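Scroll down for the structure; my scribbles are underneath it.
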Amino acid sequence: MHDDSLLLIDEMDAISEPPPESDPLLQPIRLGRDEMNLSEFPFAVLSKLAPNDVTTLEFYDEIRTGEGKMVARRWIVTGTEKYGLPTATDEEVYIALMEVTKEQGFESRTVPITRYDLISRMGWKPDGRSYTRLEAALDRLKTVSIKAENAFWDNAARRYTTVAFGIIDNYVLADERRMRGAREDNVPFSCITWNEVIFTSFRAGNIKMLDTDLYFSLRSPIARRLYRYLDKKRYPNRPTFQITLEKLAFEHLGMCRAYYPSQLKRKLEPAHKELIARGFLTQVEYGQAQSGSEKATYYFAGKQENRRPALAPQATAALEGLLSEGVTMKTAAELIQVYPLRDIWAQITYLPFRSAREPAAALVQSIRESWGPPAAYLAKEPVSRKPASLATMQDSHAAREAADRDLRARQREAAQGVLKELPLEEQKAVDTEIQKFIGENHRFLSGWETHAVYRAIYNEEMVKIISRRHSEAFQKAMGESEVGD
């Protein structure tokens, strides 16, 4: 068990401002997933900052198996000296990553992401500070190690095992703003790769549903972690759950071991109020267990059905248009039910002419604030032009996206055709130059040569080199492809 003096952290320091009020009927229900082992024991401290001199947390309990045997479980979390232990913020990032992975069907350990999407899911402001926080969180999730001694449930073998593992093995963060034009088939340039042990647990079905709307609506880290733990204990037709107060607080929530029972109750009270107010709990009672320790009894509220609002075909098309520009599902669903579809399509049409550093953020803000058309758009289109119909805007946007993809594909094919005709020595020289460029400018892609991100950057640089060095042959190849079309 970790030293009682090491985690003298006031968890309430990490409480954020309450989210702005909004009509819940306008919000699509978000259902993510949570890995069962990671919801049973903590992997992060209960504050936004971990103590600099603490790199290890240790938790312990005993449970009775289905065969009636008592099993002692030990859960040891170790951070590195450079990055430290994961924090309450990192736990939010983990939940957001799980939501994205669920939406992609848990098909691959490597999950494409965008930084803006993750930040939006967590309700952070889309600014430089949030991007820095996200990268720091991924550093800690990558470097933390967990040793579970008889504490990792192997769902395939149906038994507890001893295993050492991490949470994510690798991550790639690319600046989508600068690489927007190089994207192929809308493949995000950023991605994470889950640890193999954890991903195997995902695929073995050792995951549970998690209402991420509810999770991110909770204000304090204690409330969020308590919700994750109790939600694991809320089996069908199970109205209550009992646990000794100290076991709950110390071993499953990671609260400071220096707290007395009265202090634990005081710290837990705001979390209880939040979970009751959100309709997850109906009440919490304290009493005395047979061992003489204090116990807490949690009364669960009935589960509510989660339904997404039905959308008309025109709204569905607008929703897809917003999603294709990187807007999150939650935000996109809100926009199409609050703002006229004509205005949304107009802003989607204007977006390429804004040169926005954060296209998705700019698009959302332009819709909410009714921005006028940018000067670059007016210079391209007659000022006296009548507003296009909704169908015309949709067709224009789709046509522009298709034209961009087609142009990139023709450029790639032309460059590859020219490259094949070059002497082998020159082909190798081009490859070496591209590899050098990637190594100097995208070092995070080292070892990822087969990934779509790597291939997209490789092809983009190849087109630049061939069009620059062999302009005449490249233009001829492009012309031939147009004739062929």
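The values are calculated or read from the model by the stated rules, or taken from the named source; none is laboratory data. What you see is a predicted model, and the numbers here were worked out from it, not measured in a lab. Because the Cβ atoms are built from the backbone with ideal geometry, glycine has one as well, and the counts that use them run over all protein chains shown.
Summary of values
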| item | result |
| --- | --- |
| Matching residues in segment 35-70 - criterion: being crowded, with 23+ Cβ neighbours inside 10 Å and over 17 Å from residue 150 (Cα atoms) | 44, 45, 46, 50 |
| Qualifying residue in segment 237-252 (condition: surrounded by 19 or more Cβ atoms within 10 Å (Cβ to Cβ), charged (D, E, K, R) and within 21 Å of residue 102 (Cα to Cα)) | no |
| Matching entry among 288, 283, 263 (being assigned by TED's automatic domain parsing to the domain that holds residue 213, more than 22 Å from residue 88 (Cα to Cα) and without any contact (Cβ under 8 Å) to a residue 12 or more places away in the chain) | 288 |
| Residue 445, sole failed condition from (1) at pLDDT 80 or above; (2) touching a His at 6+ places or on another chain (Cβ under 9 Å) | (1) |
| Subset of segment 253-273 [buried (at least 21 other Cβ atoms within 10 Å of the Cβ) and in contact with a Lys or Arg (Cβ under 8 Å, 6 or more places away or on another chain)] | 253, 254, 255 |
| Residue within segment 107-116 that is assigned by TED's automatic domain parsing to the domain that holds residue 35 and surrounded by fewer than 16 Cβ atoms within 10 Å (Cβ to Cβ) present | yes |
| Those residues of segment 405-424 which are of a type in the set (Gly, Ala, Ser) and at pLDDT 90 or above, in sequence order | 414, 415, 417 |
| Conditions (1) in contact with a helix residue (DSSP H, G or I) (Cβ under 6 Å, 6 or more places away or on another chain); (2) among the aromatic types (Phe, Trp, Tyr); (3) modelled with pLDDT under 95; (4) under 30 Å from residue 72 (Cα atoms): number failed by residue 165 | (3) |
| Residue in segment 211-224 that is more than 18 Å from the chain's Cα centre (by Cα), at pLDDT 95 or above and either not assigned by TED's automatic domain parsing to the domain that holds residue 49 or not in a strand (DSSP E or B) (or both) present | yes |
| Checking residue 72 against (1) among the small types (Gly, Ala, Ser); (2) in a strand (DSSP E or B); (3) without any contact (Cβ under 8 Å) to a residue 24 or more places away in the chain, the condition it does not meet | (3) |
| Criterion violated by residue 62 - all others in (1) touching a Pro at 6+ places or on another chain (Cβ under 9 Å); (2) at pLDDT below 95 satisfied | (1) |
| Positions within segment 251-292 being within 28 Å of the chain's Cα centre (by Cα) and over 16 Å from residue 222 (Cα atoms), in sequence order | 279 |
| Among (1) out of contact with any helix residue (DSSP H, G or I) (no Cβ under 7 Å at 6 or more places or on another chain); (2) of a type in the set (A, V, I, L, M, F, W, C); (3) at pLDDT 85 or above, the one test that residue 312 misses | (3) |
